[in-house]
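First comes the structure, then the notes that go with it.
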Amino acid sequence: MPPRHTAVLLMAYGSPNRLEDVEAYFTDIRGGRTPSRKAVEELRSRYRRVGVPTPLLAVSMELSRELERRLNLDPPDEEIYTVHLGMKHWTPYIAAAVEEVVESGADRMIAIVLAPHYSTISTEGYRRKIAAALATARGRTTPNRPATPLSLDFVESWNELDGYLEAVAENVRRVRAEFAHPEDVVAIFTAHSLPARILKEGDPYQDQLLRTSELVARRAGIEQWRFSYQSQSQTGEPWLGPDLVDTVEELAAQGHRAILVASVGFIADHLEIFYDIDIEAKEKADALGIELRRTPMLNADPRLAQALHALVAQRVTAASAVPS
């Protein structure tokens, strides 16, 4: 019997490759609805300040290659592993990555969003794109399609994955030690804000974020910490808070002068890191006489690749334990 083929699909949000791509990218985010000229120019101006392309695609591809190498070097079992990358709102799209998986003849696909926390608004969007792509692919005849249907294992969240927590905590400890008086540092853990209505709908997003922050703070030995949101969109409805800049102002009013920002909701460098933290929050901190530093993002860090290797192993073991 040939070895089982497991395809791992890594997914990220996506980012435009050129300033000329911003309008089309923004339109894709809005589900095909063309944004106003003012909104496009505002987004384009932010990309102009941070640089295009951001590292998101490059580091995601590097992470994919490293994960595939590790899986086949030290496989969880006697299987063949391939790792594929798809973006939610730009190229290479999730649909193209799913088509690759189907054409490869894989028996099973483990889908992992490169954002550790679950939300109905964000995470379910990735699941819907996979479902649509699979429906399209299955409607065509392909010589490599296995006799049994491709099974899908969608990982909803991995916010308590040990290797991820430890890598973030190590970065927090290292950056905290760079301050003149580490004992005075207040850490702010951040993530992308979402519409506040998700709380009434029972969405676990905020609870997972607070749990991750608590676990990272405990591992890093941080006693003074806050949680704040960033990257709020102007949609005319209330969004989750407090906002990062507001928290910086609040801490300044309380007399704090050293702040460490660790974005637990993101794993890669992209617009929301470079603009919202490195420019917007940093400018506010400078104006208030506060020293603000942030931890480096994990990007394609070998520690993250190893953590995802462990996650895949967990899913493979769990699937093998289910009676056929």
>> Considering only C-alpha atoms, what is the centroid distance from segment 205-220 to segment 263-278, in Å?
In response: 17 Å
>> Normalised by the empirical 2.2 N^0.38 Å for globular proteins, what value does the Cα Rg of the chain take?
In response: 1.04
> Among Thr6, Leu260, Val186, which residue has its Cα positioned farthest towards the positive end of the charge dipole of the chain, with +1 placed on the Cβ of Lys and Arg, -1 on the Cβ of Asp and Glu, and the dipole taken about the Cα centre?
Replying inline: Thr6
> If the cut-off is 16 Å between C-alpha atoms, which lysines fall inside it for Lys129, apart from same-chain ones fewer than 8 positions away?
Replying inline: Lys88
>> Given the -39500 (n - 2.57) contribution per DSSP H run of 4+ residues, what per-residue ellipticity at 222 nm results for the chain, rounded to the nearest 500 deg cm²/dmol?
In response: -13500 deg cm²/dmol
> How large is the dipole of segment 162-294 about the Cα centre if only Lys and Arg carry +1 and Asp and Glu carry -1, each at its Cβ, rounded to the nearest 20 debye?
Replying inline: 280 debye
> Taking amide hydrogens as modeled 1.01 Å from N in the peptide plane, which residues meet the under 5 Å criterion relative to Arg108, leaving out close sequence neighbours?
Replying inline: His5, Ala7, Ser151
>> Under the √(5λ) rule applied to the eigenvalues of the Cα gyration tensor, what semi-axes describe the equivalent ellipsoid of segment 65-104? Give them in Å, descending.
In response: 23, 12, 6
> Could the peptides 27-36, 292-301 be put in order, highest first, of the mean number of other beta-carbon atoms found within 10 Å of their residues?
Replying inline: 292-301, 27-36
> Against the longest principal axis of the chain, how steep is helix 123-138, in degrees 0 to 90 to the nearest 10, with axes from Cα atoms?
Replying inline: 20 degrees
>> Just to confirm the filter: which GluC sites (Glu not before Pro) across segment 113-215 are DSSP coil and have at most 11 other Cβ within 10 angstrom of their Cβ?
In response: Glu178, Glu201
>> Just to compare against my own numbers: the Cα pair-distance distribution for segment 162-294, 10 Å bins, whole % per bin, please.
In response: 12, 44, 36, 8, 0
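None of the figures in this text is laboratory data; all of them are computed from the coordinates on show. Only a predicted model underlies this, so the values are computations on that prediction, with no experimental measurement involved. So basically every Cβ, Gly included, is an ideal-geometry build from the backbone, and we count neighbours across all protein chains shown.
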